[in-house]
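Following: one structure in structure tokens, then a few remarks.
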Amino acid sequence: MTTTLGAFYTGRPTEEITRDLLGHELIYTTPAGTMSGWIVEAEAYLGEQDTAAHAFNGRHTAANAALYDAPGTIYIYVLRGYYMLDVATQAAGTPQGILIRGIEPHQGLDLMRQHRDKAVPEITNGPGKLTAALGLQSKALNRTMLGAQNLTITPTATRQPRQVVATARVGVSDGSWHDRPLRYVVAGNPYVSASRKRDWDRVNHGWVAPAKID
DNA sequence: CGGTTGATTCACT
DNA sequence: GTGAATCAACCGA
């Protein structure tokens, strides 16, 4: 059987895919070095019906065309000067997707610091922050597939969340879907955006087991 | 072609 | 917690 990386992103509801994506590792390879991190926060956007989605009501423009592409296609857009990283889910023509909102750095933290001079966890605890840390400051990869260039996400989880919590999406205050629990986070992880210090799991960061020593 | 708008972040109080 | 910066993209004229 042929398994493509994109196969992970279709065949079941986008909510389920989004929840499942926590613990997968985002890996960006550049001439200066490799940077990677475990996904700790992500949001599902469910297409034409979703009042908060870019494809709400069938909106289809040059800027959001990636959402209509094959599952596993990278969707990058700029919001208030910040680059956002999404992955298209579902078959081509069904414009659903996942916004990556937080990663826990694994490889290349020093390189991330060169791109974004902040202490942990502020370096990658938001959607615009993590792209800045990676130095992903262009739309060059928009509408390309994960794994086709120098940005990929592991097809399976490399760490397992102890508990996943679903909440309303951040920055979605209007529309009938504003309360839907489509944001998934690794409970207790410090790299979850706007998380409280007192809620952090300082020992395992909300994972079932500590990271392996490479 | 100009006014408006965010799936945000940061510096303040 | 609140306000302001910021800018590509959208939309109506």
_Distance in nm between pseudo-label sites at A:Ala194 and A:Thr167 (7 Å out along the Cβ direction from Cα)_ = 0.7
*For A:Asp179 and A:Ala32, FRET efficiency with R0 = 30 Å and r from the beta-carbon atoms, rounded to 0.05?*
0.10
*When the helix-only estimate is applied to chain A (DSSP H runs of n ≥ 4, each -39,500 (n - 2.57), divided by the residue count), what is the mean residue ellipticity at 222 nm, nearest 500 deg cm²/dmol?*
-3000 deg cm²/dmol
*Put +1 on the Cβ of each Lys and Arg and -1 on the Cβ of each Asp and Glu in chain A; which of A:Gly171, A:Ile103, A:His115 then has its Cα farthest toward the positive end of the dipole?*
A:His115
*Order these peptides, A:63-74, A:144-155, by their mean beta-carbon neighbour count within 10 angstrom, highest first.*
A:63-74, A:144-155
*Debye, to nearest 20: dipole size of chain A, +1 on Lys, Arg Cβ, -1 on Asp, Glu Cβ*: 400
*Output ³J(HN,Hα) for the range A:77-90: one whole-Hz value per residue in order, computed from phi by the Karplus curve 6.51 cos²θ - 1.76 cosθ + 1.60 with θ = phi - 60°, and x for Gly and Pro.*
9, 10, 10, 6, x, 10, 7, 10, 10, 10, 10, 6, 10, 6
*Report the full-extension gain for the segment A:Ala7 to A:Ala91: residue separation times 0.36 nm, less the Cα-Cα distance, to one decimal in nm.*
29.3 nm
_Test of understanding: what is the full-extension gain from A:Lys139 to A:Val120, defined as 0.36 nm times their sequence separation minus their Cα-Cα distance?_
4.3 nm
*asked:* Under a Cβ-only charge scheme (Lys and Arg +1, Asp and Glu -1), can you give me the dipole magnitude of the range A:112-214 about the Cα centre, in debye to the nearest 20?
replied: 80
*Given A:Gln90, A:Ser36, A:Ile17, which one lies farthest toward the positive end of the charge dipole of the range A:13-137, if we put +1 on the Cβ of every Lys and Arg and -1 on the Cβ of every Asp and Glu?*
A:Ser36
*Enumerate the aspartates and glutamates that A:Lys139 could reach by cross-link, defined here as Cα to Cα under 13 Å, with residues fewer than 8 away along the same chain left out.*
A:Asp86
*With only alpha-carbon atoms counted, please give the Rg and Dmax of the range A:5-199, in Å.*
15.4, 45
*Enumerate the lysines that A:Lys212 could reach by cross-link, defined here as Cα to Cα under 30 Å, with residues fewer than 8 away along the same chain left out.*
A:Lys118, A:Lys129, A:Lys197
*Using Cα centres only, tell me the gap between the range A:10-84 and the range A:144-164 in whole Å.*
12
_Using only alpha-carbon positions, what ratio does the radius of gyration of the range A:98-210 give when scaled by 2.2 N^0.38 Å?_
1.14
*Name the shape class, rounded, prolate or oblate, that the alpha-carbon gyration tensor gives for the range A:136-178, where a ≥ b ≥ c are the square roots of its eigenvalues, rounded holds for a/c under 1.5, and otherwise prolate holds if a/b is larger than b/c and oblate otherwise.*
oblate
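Coordinate-derived values only; no laboratory data. Everything numeric in this text was worked out from a predicted model, so none of it was measured. Positions of Cβ are backbone-derived with ideal geometry, glycine not excepted, and every protein chain shown enters the neighbour counts.
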